[in-house]
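Presented below is the structure to which this report refers.
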Amino acid sequence: MATFLGLPSRVAPAARCDCRRCPWYSGSDADPGIVLAPLCSGCNSDCAYCGCARTTCGGCPVRCGSRTDIHAWMADVGDTLEFDDITIPGTLPKGLPRFIPQVDGSAVAELDAAARRPAYAIGLRRVFSPRTHQIYPRWQQDKTAAEILELPTSTLTVLSGYAEDPLVEAFWTARHRDKLIDHIAALRFDLVLAPNYSIYGNWPRAEHLINMRRSLLLAGELARAGIAAVPNLYWFRLEDLQRYATWAADTEPPAVAINLQTVRENTNWDTWALPGLHWLAANLPADLPVILTGLSRRDRIATAVGLFGARLTLISQNPAQYALHGAVMTAEGRVDLHARVPDAFAASVWYMASLLPGGA
């Protein structure tokens, strides 16, 4: 419990987005008796929830200082919005390739017989049910992830912890209650990309700050369970990127990941993703590995390679998705060959791997 203005209280963002009364505001007009950690430059001017008069805060999809349960949420993230107390120990597995195809978990042995890749990824929704919010029975066997997927024991397995908001929110809520992290650890994935919590442009700034911290916190919890875990970076402002760079330099995580699966339109790529990637490439520690998910266009992959070079790892589910329709990815784009699924998958995997440094 923190002491705030001489009174025992849980520290929380100010109600009604009153920056001058917020413990996290960095503006020059902040009340000097209020500010504890100046890490936010002010409220989100595009927030669609500004002035919200709802009384059913518990059913609202966002967190803000006006929520009736905001103190419970602050307690859930450790009563701070800083990153200073978060560390993510561990190392990346040896032999991690530059390109890792993501599969849906079915007939993986057949795909591997054609592609012979050193690593495969699988998404969180294939392991954690969006309906029951439990680990699927298939993954509750006394087997490793590689054994469940019927892969050679030498093949690396990666859990890509990205999913739609309701699923990752459910994972956060149930992670301790249902010992989800222990379940994930028992599966002995060689690498886990920690779930990322969304940052939407029309949400209050408090939600951004809470979700950035939750993404790092969850990666830290996975790492302390003995899992090789990598945190996801999401941002909205330059100050967010600056905080990440400072945190990475101070704590030396094994790698950082960035989920670009929802960046489809050129507008989002040009205005959000690309400027952020450029800034991170120039300001993250030069030897810090970077794992990107969701890139499939040749020009965007080339841009990422130009920014991060040999420290880049790319994870993509496009080869598996195309293969379901007998299509392959080529330099000219998608080609519908009506090929066998394993053959189409292997062709796309080899093509995408060729776009990475060393053709790996």
- Report whether or not His183 is at pLDDT 95 or above, out of contact with any Cys (no Cβ under 9 Å at 6 or more places or on another chain) and surrounded by fewer than 19 Cβ atoms within 10 Å (Cβ to Cβ). yes
- Task: Any residue in segment 319-342 that's over 18 Å from Arg298 (Cβ atoms): show its pairings with residues that are charged (D, E, K, R) and in a helix (DSSP H, G or I) at Cβ separation under 7 Å, as long as the two are six or more apart or on different chains.
- Result: Pro342/Glu110
- Mind checking which pairs have a first residue in segment 185-199 that is in contact (Cβ under 8 Å) with a residue 12 or more places away in the chain and in a loop (DSSP other than H, G, I, E, B) and a second that is surrounded by fewer than 24 Cβ atoms within 10 Å (Cβ to Cβ) and of a type in the set (D, E, K, R), Cβ under 6 Å, 6 or more apart or different chains? Tyr197/Arg214; Ser198/Asp165
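Of Ala12, Ala30, Ala48, Ala72, which residue is part of a loop (DSSP other than H, G, I, E, B), at pLDDT 90 or above and of a type in the set (A, V, I, L, M)? Show your work before the answer.
Details: Ala30 fails: at pLDDT 90 or above; Ala48 fails: at pLDDT 90 or above; Ala72 fails: part of a loop (DSSP other than H, G, I, E, B).
Just one listed residue meets the conditions, Ala12.
Being under 30 Å from Arg177 (Cα atoms), in a strand (DSSP E or B), under 25 Å from the mean Cα position of the chain (by Cα) and of a type outside the set (Lys, Arg), is that true of even one residue in segment 103-115?
Our first condition is that a residue be under 30 Å from Arg177 (Cα atoms); within segment 103-115, this holds for 103-106.
Subset that is in a strand (DSSP E or B): 103.
Next, only the ones that are under 25 Å from the mean Cα position of the chain (by Cα) stay: 103.
Filter once more, keeping what is of a type outside the set (Lys, Arg): 103.
For segment 103-115, residues under 30 Å from Arg177 (Cα atoms), in a strand (DSSP E or B), under 25 Å from the mean Cα position of the chain (by Cα) and of a type outside the set (Lys, Arg): present.
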- Message: Going residue by residue through segment 217-225, is there one that turns out to be touching a strand residue (DSSP E or B) at 6+ places or on another chain (Cβ under 6 Å), closer than 20 Å to Leu314 by Cα and of a type outside the set (Gly, Ala, Ser)?
- Response: no
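Condition first: outside the structural domain of Ile181 (by TED's automatic domain parsing), hydroxyl-bearing (Ser, Thr, Tyr), assigned to a loop (DSSP other than H, G, I, E, B) and surrounded by fewer than 20 Cβ atoms within 10 Å (Cβ to Cβ). Can you find one or more residues in segment 123-130 that meet it? Give the derivation first.
Going residue by residue through segment 123-130, those that are outside the structural domain of Ile181 (by TED's automatic domain parsing) are none.
Scanning segment 123-130 turns up no residue that is outside the structural domain of Ile181 (by TED's automatic domain parsing), hydroxyl-bearing (Ser, Thr, Tyr), assigned to a loop (DSSP other than H, G, I, E, B) and surrounded by fewer than 20 Cβ atoms within 10 Å (Cβ to Cβ).
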- Query: For segment 99-106, does any single residue satisfy the condition of being among the polar types (S, T, N, Q), exposed (fewer than 15 other Cβ atoms within 10 Å of the Cβ) and touching a residue at least 12 places away in the same chain (Cβ under 8 Å)?
  - Reply: no
- Task: Go through the residues of segment 202-221 one by one and say whether even a single one is touching a residue at least 40 places away in the same chain (Cβ under 8 Å), basic (Lys, Arg) and closer than 18 Å to Ala257 by Cβ.
- Result: yes
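Report, by residue number, each residue of segment 216-234 that is over 24 Å from Pro101 (Cβ atoms) and under 11 Å from the mean Cα position of the chain (by Cα).
Taking segment 216-234 first, the residues over 24 Å from Pro101 (Cβ atoms) are 216-218, 220-221, 223-226.
Within segment 216-234, Leu216, Leu218 meet the criteria.
Using the structure shown, decide if Asp84 is outside the structural domain of Glu150 (by TED's automatic domain parsing), among the charged types (D, E, K, R) and either within 21 Å of Asn232 (Cβ to Cβ) or in contact with a Leu (Cβ under 8 Å, 6 or more places away or on another chain) (or both).
Numbers: outside the structural domain of Glu150 (by TED's automatic domain parsing): yes; among the charged types (D, E, K, R): yes; either within 21 Å of Asn232 (Cβ to Cβ) or in contact with a Leu (Cβ under 8 Å, 6 or more places away or on another chain) (or both): yes.
The answer is yes for Asp84.
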- Query: For segment 153-168, what are the residues that are without any contact (Cβ under 8 Å) to a residue 40 or more places away in the chain and surrounded by fewer than 21 Cβ atoms within 10 Å (Cβ to Cβ)?
  - Reply: Thr153, Ser154, Glu164, Pro166
- Give Leu292, Leu284, Leu280, Leu314 a once-over and let me know the one that is of a type in the set (A, V, I, L, M), surrounded by 20 or more Cβ atoms within 10 Å (Cβ to Cβ) and touching a residue at least 60 places away in the same chain (Cβ under 8 Å). Leu314
- Query: Pro285 passes all but one of (1) part of a loop (DSSP other than H, G, I, E, B); (2) modelled with pLDDT under 95; (3) over 17 Å from Tyr234 (Cα atoms); which number fails?
  - Reply: (2)
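When the residues of segment 252-274 are filtered to those that are in a helix (DSSP H, G or I) and within 18 Å of the chain's Cα centre (by Cα), which remaining residue is modelled with the lowest pLDDT?
We begin by selecting, within segment 252-274, every residue in a helix (DSSP H, G or I); these are 266-274.
In the following step, the residues that additionally are within 18 Å of the chain's Cα centre (by Cα) were identified as 268-269, 272-274.
Details: Asn268: 88, Trp269: 93, Trp272: 93, Ala273: 95, Leu274: 97.
The extreme case among them is Asn268.
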- Item | Test set (1) hydroxyl-bearing (Ser, Thr, Tyr); (2) over 20 Å from Ala75 (Cβ atoms); (3) assigned to a helix (DSSP H, G or I) - Thr157 fails condition number | (3)
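Per-residue answers, yes or no, for (1) under 27 Å from the mean Cα position of the chain (by Cα); (2) basic (Lys, Arg); (3) buried (at least 18 other Cβ atoms within 10 Å of the Cβ); (4) over 24 Å from Ser198 (Cβ atoms):
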position: Arg20; (1), (2), (3), (4): no, yes, no, yes
position: Ala30; (1), (2), (3), (4): no, no, yes, yes
position: Thr68; (1), (2), (3), (4): no, no, no, no
position: Ile88; (1), (2), (3), (4): yes, no, yes, no
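The values are calculated or read from the model by the stated rules, or taken from the named source; none is laboratory data. Computed from a predicted structure; not experimentally measured. Glycine gets a Cβ as well: all are built from the backbone with ideal geometry, and neighbour counts include every protein chain shown.
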